[in-house]
Structures are given as C-alpha cells and as structure tokens.
Amino acid sequence: MHIVLLKVTTLFYLVGALLYLYYIVTLKEKGAKLGRMILVVGVVLHAVGFVARYVAAGYTPITNLFESLSFFAMAIVAVFLVTELRYNLRILGSFIAPLGFVFSIFSAFQSGEVARLAPALDSYWLPIHVMLLFIGDAVFAVAFGAGIMYLLQEKEVKRKRMGAIFKRLPSLDVLDEINYKCLTVGFPLLTLGIITGSIWAEYAWGSYWSWDPKETWSLITWFLYAALLHGRLTVGWRGRKAAILAIIGFCAVLFTFLGVNLLLPGLHSYSSLSG
Amino acid sequence: MSSIVIVGLNHRTAPVEIRERLAFPADTIGHSLRGLVEREEIVEGIILSTCNRVEVCVLAGGESYKGATAVKEFLSATHGIARDELNGYLYHYEGEEAVKHLFRVSSSLDSMVLGEPQILGQVKDAYGYAAEFRTIGPILDKFYTKAFSVAKRVRTETKVASSAVSVSYAAVELAKKIFGNLKDKTAMLIGAGEMCELAARHLLSAGVKRILVTNRTFERAVKLAGEFDGMPVRFDELLSHLKMADIILSSTGAPHFILKKEDVEEVLRIRKNRPMFFIDMAVPRDIDPDANQIDNVYVYDIDDLNNVIETNLEERQKEAARAEEIVSAEVRNFLRWLEAQQVTPTIVMLRRKFEEVKNAEVAKAIAMLGPEDPKTKKVVESLATSILNKVLHPPITALKKDVDGRDVTELVATVRELFDLPENDEPSPPSTEARKEKEGGEIE
C-alpha cells in the first residue's frame, strides 16, 4: 500500500509542477492556486505513505538511496509550501516544484518489498541524523531556487529591460531575504545533522570522525554555508554574491548526497545504488 | 424611439484652442447640464469635459439625428461659437457606434496615451455630476455603469494599462523591483529639475519615508525640502549624506560627473552593500554610468528610462487588440439589454390595453347579468382573463424572443401599429431609484 501511495505522490508532484509552470507562462492565478492545492494533497499522501512504510518495515524508511530521495522530495515540497505561505510568493513554485518532482521520480523505482535493516543502522540516531540533514538540505534547495531567481532578475534590471522576466519575478529584496532566512534555518539544521552523525559514529564505528568521503563533503558544504553566513553578517555580502554562493552550496549538498553515494565508496555506502 | 447619441471633439479632431473654448468648467456644469436636458429632443444627458476631450452624451427622445442637432446647437449656444465653425471639429456617434465609443473611451483605448489611467476617473466624475443634477435616467445610468465595468474588465484581463509609460512611473516601478517595499527607504534629490521633482512626488506617494534635498544654492534646497517635508543638505556635504540614500534622483547642470564610480563604491562599502538606485535625469549626465557594474548598484539615465517606456508602449499596443475584443463583446451585451428596454414597455402597454378592454367588458357583462352574484362574477372574470392570457401569449413570446440580427425596433413598431398603442412612451423621469439599482446589477 505504501508503495502505491508513494507512486501516486509522484504524479501529484508532476501535476503540481506543471500547474506552476503554466502559471509562470500565463500568469493566471488559477494555475498557482490549483498547483498549491495539488502539492498540499501530494505532500500529505507522501507523509501517509512514509508512515505506512515505517509501520511495514519497523524502521524509518530512509536507509537506501530511493528512500532518501523520496524523503528529500517530500521535505523540499513541504519547505516550499511553508515559504510560499510566509512570503506569498507563488512564482517560487515554478522553480521549486519541478525540483521536488525530479527527486520524487526515484521513489517510483523503489521496491515495494521492505529489506531487512542493516544492523549498523538499527539505532535511534538514524531518523534524527538523517531527517535533520534532509530537512536542512530542503531549506537549501529553496535558497537555491531563490538564488537562481535573483540572478535572473538582477540581470534584467542591470540590462535595463523590463521584459517578461522583470514582470514575473519578485523584487530583488524579497529574493535576497529568502536567501538569508533559508541560511539561518538551514545552517543550524546542517550543523546539528553533522553533530548527531558524529555522536552516532562514535557509538557505531567507535570514532567521532573518520574522514569518510561523506563526512569530508559534508564538512566542505558546511564551510561553504558558514562562509556565506559569516560574510552576510560581518561584511554585508548580499544580493548577487549571496545568490551565487547559495547555488554553489546546493551543488555541494547534491554532491554530498548523490555524488558521494554513487562515486565514492566509504562507510556511508548503505545508500549507494547497490546497497 | 429613443436612442443614445454622443457628440464631441477630442485631441485628434480639434486643436487645443478650440478644446479650451468648448470646455465646461466644474463650477457651471450643473447649469449646463440642466440647459441640455431642458431641450425638447433630449431626455437624459451627461457632459464629459477633460483637457483632451469634450463629449456630450444624450438619450434622444425621437429621431437620433434631431438629438445630434440639438446637442450641436447646445454646444454652439453655450460657448458662443458659430455652428459652421464647430462642425469641422465635431464627431458624432449614434446607437451601437455610440455605445462602442463610450466603452472605448472609458477603457482608455481612445486616449492620447493608450491605457492612461485618468480617463476612467474623469468619466466617473462626469457621471457623478449628471447624477447630482439629476440629468440622467435609467438608460444612461445603466450605460455608464456598464462602461465602468467594461473598463475594469479591460484593466484586469489585458495588460493595456499594466506597465509604466511615463518616466516617473517607470522609476517607481524599478525602485519597487529593487527594494520591494519602499516604506523605510530614503530618497535624495540632487539639483532641481521638473522631472526629478515629479519622480520624487511619485516616490513619496509610493511610500518612501524621507527625502533629502541638495542643491548648489542652499536656499533652493531649503525651499524644495519644505515642499516635500524633507531635509535640506549642503551641496559640499553631498558625499557624507549619500550613505543615507537608497534612491538618488539627480539633475544638476554640472558639465561633468558629480559622482564617480569610486565615490559610489566607497559609499556602498559604508552602507554594507545595501542596494542603491541612481536615477540620472541630467544631460550631460551626473553619475558615472560605469557605477551600474557594481553589485547592488543600479544606474539608469534618462535614455534608459525612455527605452523602458517605449518598450512598454509597444506592449500596450499589442494588448489593445485584445481589449477591443472585450469591448465588442460588451457592446453586444449592452445592445441586447437596450433592446429589452424597448420591448418591455411595449409589452406592458399591450397588456395594459387589453386589461382595460377586458375590465370594461367584464363590468358590462356583469351589469347585464343583473343582481350581483359572487359566483357568476368570478366565472365571468376568470373566463375573460383566461382568454386574454391565451391570446396575448404568442405576441409577447415573439417580442421577448432573443434572435441575433433581428431588428427589434421594427417589430416593436409593428406591434404598436397593429394594436394601436401610443407612439410616444415617456421613459420614466430621472430618479434616484434607478441610480440605486446600479449597485445591484450588472447587465447579464
């Protein structure tokens, strides 16, 4: 039953994303409103599916690549919906909803069978560590979307044309504010995620830090966002520079998550394709 | 039959000297309106008088050409201009053409600057005067109310009025895209130029919190600052005050840049990169255009703003075609309503006439039947009513039937002739009732 729910969810995300794309092209409010409704239903179904899988498996279903991607997609859509509500910024959906859909496609590939949990993962730390990181990453995904929108809009204003992009995208100020707010929420989550992982590593592997590729790349990501936060607070980095860093930061997030899993074997190999 | 007639002139048909002479000042408009509807041919009337157009819209009681002639005479008499001199400047529309004209005017499709927002307010004012002096009745009331809703549809469903087409509006629109909210922003005026002052006023009404004013002559800065409730700044203190300004409007007569790229970079560093928007209206320019390359700094000169406006105007032109479609559809809707207005009184008269006949005959029959018996009376009455209803049913249905392209006027005339109904039905006099109704209903 959970696998059906998760597959249906993907369909909802697809329709939601298409409606938001329809909205950015035609600027018909109906598109965005309907899109949001469909995404809300999708994310609720997704949560139900997630819980159902949890009940069926007996552990939090974020133990392999497909499950993680599926959870990541849910987190992105949920964080986007909260941001949209907070800033009343429908157009953001045209950038973030497709991202949610792309990640959720993978949930459609996951097996309906629930595998036995690897003994090393059988811990209370699993949901805490992984969920903190994925929710943090989802917040960074929104910052990434806002960053792209900022660069597009800034280019438009600098080029002195008030064309289609100028009309559709919001003010530079609000996009920069989203960048900052996402940083102040995402960075603590990322930090806590790394700390809890480190504590768990001490229990499970007998060492707080072992320079496994995932750990190394998490640290690189952490430094990128730390630099951005520091720059913002002390020397007033903002606008274009902050947008570019948010985009680079999210690329690092994706590499830490996907690149490391697929390319660099290490202690965290539960979530590689073979695992 | 009554019909709607519009007679007037505008910026395309008459030079400003003529438009001036024909204008109706607000303080005497009541008198003029009354004079207009006192004419025998005219039942209802509205006068629209703006700097670009003077238009008199009336409901003519009889033939429409008589109404048009009456309005021309009215214009000539009121302003003391000979009819012959006037004729070359005037246009006149009747019926469907008149309906279309007012809808286009209200939607700003007939304006000098396509899509400019003032005209709708001016049409509403004209309607307000006519309502105040009771020179409109149900027909023109509905006509104008409809025109307002058409204008609203055009505004919301097309982009005819969406983008700025004046320098100062473009400046405000840009400022909003850079800063979002202007409420806590400070603007600085360097030098005194008409365009800068206008832009400053627009910025203030868009919410800008505070205005700094600087000028080479400090007294002028003080004077101008007084007008904006702002703060005057000495010209040699410009650089030290620049850090407070988010939006800078400049138009000095300086022969060279008064703000170099390095100056701007320095100020931005002090401001911790909070964005700055420079609007340079001076020729030669006041602000080094290279400053636009600095992150978080935006520099627009007068040519940039003019380019923006030109692009926006082109877009408006494209949107105008869609607006015209809306207007055409609404014209058809309104004409249908207008037809119904001709048909309804005819139906009422038809019914009244037969009712009278019926009542008279029933009374006669009952008198002949002798001493009054309630039962007999009831039977006779219901017999007569039932015959009446059955006879009247087909003609009334035919009148009400909505057929495209059918000439209702002719049908109504035939019915009136066949049943010998009076030719001149007086439309109900202007009433406040009719005006109240307008809140209730759009024309379906």
Checklist outcome for this item: Between the Cα axis of helix A:65-87 and the main Cα principal axis of chain A, the angle (0 to 90°, nearest 10) is 30
Checklist outcome for this item: Once both label points are put 7 Å beyond Cα along the C-beta direction, the B:Gln118-A:Ala118 separation in nm becomes 7.5
Checklist entry - Which links in B:Lys209/B:Lys272; A:Lys28/B:Lys261; A:Lys7/A:Lys155; A:Lys155/B:Lys243; B:Lys146/B:Lys353; B:Lys353/B:Lys377 stretch past 31 Å when you go from one Cα to the other? => result A:Lys28/B:Lys261; A:Lys7/A:Lys155; B:Lys146/B:Lys353
Checklist outcome for this item: Expected integer from the mean partner chain Cβ neighbour count at 10 Å over A:169-175 is 4
Checklist entry - Which of the aspartates and glutamates could a cross-linker span from B:Lys183 if the Cα-Cα distance has to be under 15 Å and same-chain partners fewer than 8 positions apart are dropped? => result A:Asp173, B:Glu173, B:Asp246
Item to check | Two-site FRET efficiency, A:Lys167 against B:Lys209, from Cβ-Cβ distance with R₀ of 30 Å, rounded to 0.05 | outcome: 0.70
Checklist entry - Quick one: A:Glu156, A:Glu202, fewest Cβ neighbours within 10 Å first, how do they rank? => result A:Glu202, A:Glu156
Checklist entry - At a Förster radius of 51 Å, what calculated FRET efficiency corresponds to the Cβ-Cβ distance of B:Asp229 and B:Ala329, to the nearest 0.05? => result 0.60
Item to check | Cα long-axis angle, helix A:29-57 against chain A (0 to 90 degrees, to the nearest 10) | outcome: 10
Checklist entry - Where Lys and Arg each count +1 and Asp and Glu each count -1, what net charge lies around B:Asp125 among other residues with Cβ under 15 Å from its Cβ? => result -1
Checklist entry - What number in nm² do you get for the protein assembly as shown if you take the convex hull of its Cα atoms and divide its surface by four? => result 47.6
Checklist outcome for this item: Mean Cβ-within-10 Å packing, highest first, puts peptides A:172-180, B:391-399, A:190-198, B:409-417 in the order A:172-180, A:190-198, B:409-417, B:391-399
Next on the checklist: For chain B, what does the helix formula give at 222 nm: sum of -39500 (n - 2.57) over DSSP H segments with n ≥ 4, over the residue count, nearest 500 deg cm²/dmol?
Outcome noted: -18500 deg cm²/dmol
Next on the checklist: Can you give me the C-alpha center-to-center distance between the stretch B:250-295 and the stretch B:109-166, rounded to a whole angstrom?
Outcome noted: 42
Checklist entry - Roughly how many nanometres apart are two label points built 7 Å out from the Cα toward the Cβ at A:Thr216 and A:Val55? => result 4.4
Checklist outcome for this item: Charge tally for neighbours of B:Ile190 with beta carbon under 13 Å away, counting Lys, Arg as +1 and Asp, Glu as -1, is -2
Checklist entry - Using 0.36 nm per residue, how much length does the chain from B:His256 to B:Thr414 gain when fully extended, once their Cα-Cα distance is taken away? => result 48.7 nm
Checklist outcome for this item: Magnitude of the Cβ-charge dipole (Lys and Arg +1, Asp and Glu -1) of the stretch B:338-422 about the Cα centre, nearest 20 debye, reported as 340
Checklist entry - If you place +1 on the Cβ of every Lys and Arg and -1 on the Cβ of every Asp and Glu, how big does the dipole about the Cα centre of the protein assembly as shown come out, in debye to the nearest 20? => result 1780
Next on the checklist: Just to be sure I understand: with springs between alpha-carbon atoms less than 10 Å apart, which residue in A:Leu254, A:Leu19, A:Leu189 has the highest mean-square fluctuation in the Gaussian network model of chain A?
Outcome noted: A:Leu254
Checklist entry - Roughly how tilted is helix A:239-254, in degrees to the nearest 10 and between 0 and 90, from the longest Cα axis of chain A? => result 30
Checklist outcome for this item: Summing -39500 (n - 2.57) over every DSSP H run of at least 4 in chain A, dividing by its residue total and rounding to the nearest 500, the 222 nm mean residue ellipticity is -26000 deg cm²/dmol
Checklist entry - Taking the DSSP beta bridges in the protein assembly as shown as the whole, what percent of them are antiparallel, to the nearest 5? => result 45
Checklist outcome for this item: Here the percent of antiparallel bridges among DSSP beta bridges lying wholly in chain B, to the nearest 5, is 45
Item to check | Length released on extending from B:Thr376 to B:Asp303, taking residue separation times 0.36 nm less the Cα-Cα span | outcome: 17.0 nm
Item to check | Inter-chain shielding of B:300-311 (mean C-beta neighbours from other protein chains, 10 Å cut-off) | outcome: 2
Next on the checklist: Quick check on packing: order A:55-68, A:4-17, B:357-370, B:44-57 by the mean number of other C-beta atoms within 10 Å, highest mean leading.
Outcome noted: B:44-57, A:4-17, A:55-68, B:357-370
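Every read-out reported here was derived from the displayed coordinates using simple, explicitly stated rules and does not represent laboratory data. Predicted, not measured: the structure shown is a model, and the values here were computed from it. All Cβ positions, even for glycine, are placed from backbone atoms using ideal geometry, and neighbour counts span all protein chains on display.
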